[in-house]
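Data first, discussion second: the structure below is written as structure tokens.
Just so it is clear, none of the values below were taken in a lab; they were calculated from the coordinates. For clarity, every value in this text was computed on a predicted model and none was experimentally measured. Here Cβ is always computed from backbone atoms with ideal geometry, including for glycine, and neighbour counts include all displayed protein chains.
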Amino acid sequence: MAKPLPPLDQIDPSEAWQPWQPTAADPWGAKWAAHLYRRAAFGPSGEDLREAERLGMQRTLDLLFRGRQYAEEVAETIVDAGRIAAQRDDSGDLLRGWWLYCMLQGGHPLREKLTLFWHDHFATSIAKVQIPTLMFRQNCLLREHALGRFGPLLQAISRDGAMLLWLDSNSNVKGRPNENYARELMELFSLGVGNYTEKDIREAARAFTGWRTDGDDFKFESQLHDSGQKTFLGQTGAWNGNDVVRIALEQPAAARFLVRKFYRFLVSERAEPPDSLLEPLCESFRKSDYDIAALVRTILESRHFYSGHAFRQRIKGPVEYVLGAVNAVYRRYREEEVDYRPLPQQVLVGRLDAMGQALFAPPNVKGWPGGESWLNTHTVLERSNFASVLAMGSLWTDYSPESRVGARPKSPDHAVVGEVSEEPPPPRAYDPARLLEESKVGSPAPKARRPEGIVRILVDHYVPGGIRENARAKLVSFIAAENPSGPALARRVREAIHAVLSMAEYQLA
């Protein structure tokens, strides 16, 4: 039985954020490598897991922070593709497909994961902005600063065209200040509720007067700017928007607010950490001039991160769930191989929308609420429907919502033995049953495939760290039923993978 975890308020903060060292009792392996990839990326492929186990924790972190060698080589091409998608877009779907391509194929998943974090933090929706090129530019801005310093990011987002339209900055003029951006700057972007007053909001709004957009570029209209004296967070001067950002980040509350949000994103959303636990992170964040990469690395290599306080303590959002499953199933074949199929990112757009996370369209200025809100009767059904299509290898033909009508997903804990279909097997790039060929099941006699060994391989591949024993036993019984072989066994394995992707454990990051 696992040793009970101490309450968060009894943890020594100076120890919690020290680098973790593997031990014989708690070694670096697939469990912790997958945990790292779920938080710092969108879940690992089998190749990622094997590489991470070989590299160790520190070198895996090095790889995640610098990205793959090809990431910078393809960056310009990817940006050009996004620009074209934005120019041709009228609903946001082309942009969504393009960003999913960046996440899956861009070679720098940590940067993309943090771009998603900042998209939620600076929640801006195309539903109101209605100019895809502005949403594309904001996405590029977030990516550029994702692992940089927060000050320049906050200054840049304050001048971003999509943000200016989203929060009505064009109506913020001398004599009639609009408080929308000033309020969200403090409440949602930098300080948090309780660390400013209504007067601070009014004074900050005056400082941002004249900051506007023509629907394309940032414009400062001096004749619309209030250049008078303003008192903001206790400091008086003829402040402008740049000054407001600077003064806000001088407040001790800013680091606490941001670190707490990173804790929820990277560590746990199940428990609220006391300020004392976060203070070492806050102090180093301030001293580093809000160095995002340094903060994230400290968290991801810490003792606290590699503990029960973090392991499976977040619910995967739809993007994490879908891309994690795709990474685990999809085989990245080279284009010259006969069985190659390009991954259809556009197919995933509607799936994510149905699960409650339409990229470029968060529900409001607070972003997606996350946590348990991701799971309800409808969205769990959509997850299971998607898992079925993915596990059965038919994702590459799934280009329309109609293809999902009438789907009968299995429950998370049960797999139903179905009739063996006469339809041909899916392309190997999309067939998760190939794990039987690629793994030495029953070694040294791979053909002697025992149900227990097959289930072990599936669990090790999809849910490193294990599943409940009763769920494992059900999978073994399902695989063993009627003693299938050949195509029947391959289909049974795909159905078992559908059950695994629908399990409670797989919903957790």
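Along the principal axes of its C-alpha atoms, what lengths does the stretch 231-335 span, in descending order and rounded to whole Å?
Between the extreme Cα coordinates on each principal axis of the stretch 231-335 lie 60, 38, 22 Å.
How large is ³J(HN,Hα) for each residue in the stretch 247-258, as worked out from phi by the Karplus curve 6.51 cos²θ - 1.76 cosθ + 1.60 (θ = phi - 60°), to whole Hz, x for Gly and Pro?
Each residue of the stretch 247-258 in turn: 5, 4, 6, 7, 7, x, 5, 5, 4, 4, 4, 6 Hz.
Please list, in chain and number order, the residues 5+ apart from PHE208 or on another chain whose amide H is under 5 Å from its amide H, with Hs placed from the backbone.
none
Of the listed peptides 239-246, 26-33, 92-99, what is their order by residue-averaged count of other C-beta atoms within 10 Å, with the highest listed first?
My ranking of the peptides, most packed first, is 92-99, 239-246, 26-33.
Binning at 10 Å from 0, report for the stretch 77-142 what percent of all alpha-carbon pair distances ends up in each bin.
It works out to 22, 58, 20, 0, in whole percents.
Please list, ordered by chain and number, the residues whose modelled amide H lies under 5 Å from the amide H of LYS219; skip anything fewer than 5 residues away on the same chain.
Residues meeting the criterion, in which the H sits 1.01 Å from N, are ARG212, THR213, ASP214.
Amide H neighbours of LEU508 under 5 Å, counting only residues 5+ apart in sequence or on other chains, H built in-plane at 1.01 Å?
HN-HN under 5 Å from LEU508: LYS316.
From the C-alpha gyration tensor of the stretch 176-217, pull out the three semi-axes of the equivalent ellipsoid (sqrt of 5λ each), sorted largest to smallest, in whole Å.
Taking √(5λ) for each Cα gyration eigenvalue gives 21, 12, 6 Å.
Which of SER485, SER394 has the fewest other C-beta atoms within 10 Å, and how do the rest follow up to the most?
With the sparsest Cβ surroundings first, the list reads SER485, SER394.
Any of LYS174/LYS230; LYS174/LYS199; LYS128/LYS230; LYS174/LYS366; LYS31/LYS287; LYS31/LYS113 with alpha carbons more than 22 Å apart? Name them for me.
Exceeds cut-off: LYS128/LYS230; LYS174/LYS366; LYS31/LYS287.
Of (1) 1.08; (2) 1.00; (3) 0.97, which one was derived for Rg/Rh (Cα atoms, Kirkwood Rh) from the structure shown?
Of the labelled values, this structure produces (2).
Say each of ARG202 and ASP289 gets a label point 7 Å from the Cα, pointing the same way as Cα to Cβ; how far apart are those two points in nm?
Here the modelled spin labels are 3.6 nm apart.
List, in order, the whole-Hz ³J(HN,Hα) value for each residue of the stretch 75-83 obtained from phi through the Karplus relation with A = 6.51, B = -1.76, C = 1.60 and θ = phi - 60°; use x for Gly and Pro.
4, 5, 5, 5, 4, 4, 5, x, 5
Can you give me the C-alpha center-to-center distance between the stretch 1-72 and the stretch 127-197, rounded to a whole angstrom?
Centre-to-centre (Cα) distance: 33 Å.
Tell me, what HN-Hα J-couplings in whole Hz come from the Karplus equation 6.51 cos²θ - 1.76 cosθ + 1.60 at θ = phi - 60° for each residue of the stretch 179-196, using x for Gly and Pro?
Running phi through 6.51 cos²θ - 1.76 cosθ + 1.60 with θ = phi - 60° gives 8, 4, 5, 4, 5, 5, 3, 8, 6, 10, 9, 9, 10, x, 4, x, 10, 7 Hz.
Largest first and in whole Å, what are the equivalent-ellipsoid semi-axes of the stretch 229-285 based on the Cα gyration tensor, each being the root of 5 times an eigenvalue?
So the three semi-axes of the stretch 229-285 are 30, 11, 9 Å.
What Rg and what Dmax come out for the stretch 190-249 when only alpha-carbon atoms are used, in angstroms?
Answer for the stretch 190-249, Rg first and Dmax second: 12.1, 35 Å.
Order of 168-176, 215-223, 496-504, 310-318 by packing, highest average Cβ count within 10 Å first?
Final packing ranking: 496-504, 310-318, 168-176, 215-223.
What percent does the relative contact order of the stretch 1-153 come to when contacts are Cα pairs within less than 8 Å and at least six residues apart?
Averaging sequence separation for qualifying contacts and normalising by length gives 20 percent for the stretch 1-153.
In whole angstrom, and with the biggest value first, how far do the Cα coordinates of the stretch 100-223 range along each principal axis?
Computed over the stretch 100-223, the largest-to-smallest principal extents equal 49, 33, 24 Å.
Projected area of the stretch 1-160, taken from the Cα convex hull and averaged over every viewing direction, in nm²?
Approximately 12.6 nm², given one-decimal rounding.
Limiting things to C-alpha atoms, what are the Rg and the maximum Cα-Cα separation (Dmax) for the stretch 43-107, in angstroms?
Every Cα atom of the stretch 43-107 included, Rg and Dmax give 15.0, 46 Å.
Taking the convex hull of the Cα atoms, report for the stretch 1-58 its projected area averaged over all directions, in nm².
Orientation-averaged projected area of the Cα hull: 5.3 nm².
Taking the chain as the reference, fit the longest principal axis to its C-alpha atoms, fit the long axis of helix 318-329 to the helix C-alpha atoms, and give the angle between the two in degrees, 0 to 90, nearest 10.
That works out to roughly 40 degrees.
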